[in-house]
1. Calculate, in nm to one decimal, what THR106 and ALA227 gain on full extension: separation in residues at 0.36 nm each, minus their alpha carbon distance.
2. For HIS82, which sequence-distant residues (separation of 5 or more, or a different chain) have an amide H within less than 5 Å of its own amide H, given hydrogens modelled in the peptide plane?
3. Would you mind classifying segment 167-283 by shape? Square roots of the alpha carbon gyration tensor eigenvalues, ordered a ≥ b ≥ c; an a/c under 1.5 is rounded, otherwise it is prolate if a/b is larger than b/c and oblate if not.
4. Taking H as built 1.01 Å from N, whose amide H comes closer than 5 Å to the amide H of LEU205, not counting residues under 5 places away?
5. Convert each backbone phi in segment 247-258 into a coupling constant with the Karplus relation 6.51 cos²θ - 1.76 cosθ + 1.60 (shift: θ = phi - 60°), then list the ³J(HN,Hα) values in order as whole Hz, x for Gly and Pro.
6. With θ set to phi - 60° and the Karplus curve 6.51 cos²θ - 1.76 cosθ + 1.60, what are the ³J(HN,Hα) couplings of segment 95-111 in order, to the nearest whole Hz, using x for Gly and Pro?
7. Amide H of ALA160 versus every other amide H placed in the peptide plane: which residues, excluding those fewer than 5 positions away on the same chain, fall under 5 Å?
8. Compare ARG262, ARG182, ARG53 in a GNM of the chain, Cα atoms joined below 10 Å, and give the one with the largest fluctuation.
Amino acid sequence: MAQQENTKHNSSKYKRKHGTTPHGPTLRRTLRREAPSTVGLLVDKQDFAAMRRYGTFPFDDHTAYLHQVEGLLKALAAQGMHTTIALFDPEDYAEFCAESGLDADTGASRSRFTAEIASAGATVAYTGQRLTDVISLLVSRAVRQATWEYATLLLADLGACADCGQDIGRAAFDRASHLLLRLLETAGPGAHHLVCSTPTENDQLLAVLHTHRDTTGPARLDTSEGAEFATVLAVAIALESPGGVVLRTSAPDSPDRVHGWRLAHGTLAPLTAGEVFNAYCTDAETGEPVSPESGVEYSAGFDIGADPAERHH
């Protein structure tokens with residue numbers, strides 16, 4: 001009798017565990033809400049058109065596709081589910097399927113690729129924002145990541161210094177980190193917006209960093225943004241290219257202040273107020289003058305007190 005009751009107990013326990021009791025569907029719905037979702041997004045018409053060559057891709061109009069995606073995101077959010085949006089690139093998808101031996105013309109392959117890019121690519125968490133805002137942020141993050149990856153590869157390919165044997169890229173990154181730290185320490189309190197740009201053989205690298213510093217304590221910044229900024233600055237240092245840094249500071253009850261520096265001999269040399277004005281009020285692509293902003297002071301760069309740079313090549 002005891003054995004029969006024990007068998008009944010274990011059977012009930014098994015049913016509860018595997019969802020075969022009347023509570024099973026409810027438990028599965030609860031688990032579904034706690035399972036994160038990922039949506040791969042085709043942000044522009046060119047990428048959308050490239051996916052239309054697959055017969056199992058069910059959409060034929062990009063605007064309608066975006067409307068359906070937004071509806072899906074809202075439905076998932078209404079269910080209390082966390083959803084991540086990843087940038088879906090058709091060229092990367094085709095390459096991924098070829099390397100993995102997958103049939104690209106299946107929903108399962110698209111789903112697997114989406115999971116892959118969400119783990120390593122640029123993503124945005126959906127919190128109810130407009131899809132246009134999601135797309136803008138997603139593209140921005142993708143550009144940032146591509147810039148960082150390219151700059152990192154440039155530094156890695158430089159190798160070791162022939163004279164001292166030190167890794168040139170590593171030394172340049174350490175130097176860039178030092179310069180960034182000195183710049184943030186010297187900038188003082190306020191909300192700071194920094195831009196670093198430098199040309200390379202194939203592209204113009206650009207990094208942006210946002211920080212905030214109270215009257216006491218160090219500057220607060222996103223660590224990934226800081227690493228990206230230092231990496232681009234390191235490329236300018238290592239290649240001895242004409243890099244530059246612009247700092248815009250905002251504080252309550254005062255006009256925004258803009259300062260600038262050029263990279264020279266491994267350090268940041270202050271620009272004059274006139275040079276800052278010309279740099280900030282000139283279109284980088286056309287070279288045409290741009291009207292200065294009202295309520296903005298264009299000031300000379302200040303001495304950041306950085307130690308002299310050591311030469312490694």
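Here, each number is a calculation from the coordinates, and none is a lab measurement. Just so it is clear, the structure is predicted and the values come from calculations on it, not from any experiment. We place every Cβ from the backbone using ideal geometry, glycine too, and count neighbours over all the protein chains shown.
1. That works out to 39.8 nm of additional length.
2. The answer is SER37.
3. It is oblate, given that a/c is not under 1.5 and a/b is not larger than b/c.
4. THR198, THR200
5. In residue order, the calculated couplings are 10, 10, 10, 10, 9, x, 6, 8, x, 5, 10, 10 Hz.
6. For segment 95-111, the Karplus-derived couplings read 5, 4, 5, 5, 6, 8, x, 9, 7, 5, 8, 9, x, 5, 5, 5, 5 Hz, x marking Gly and Pro.
7. ILE168
8. Fluctuation is largest for ARG53.
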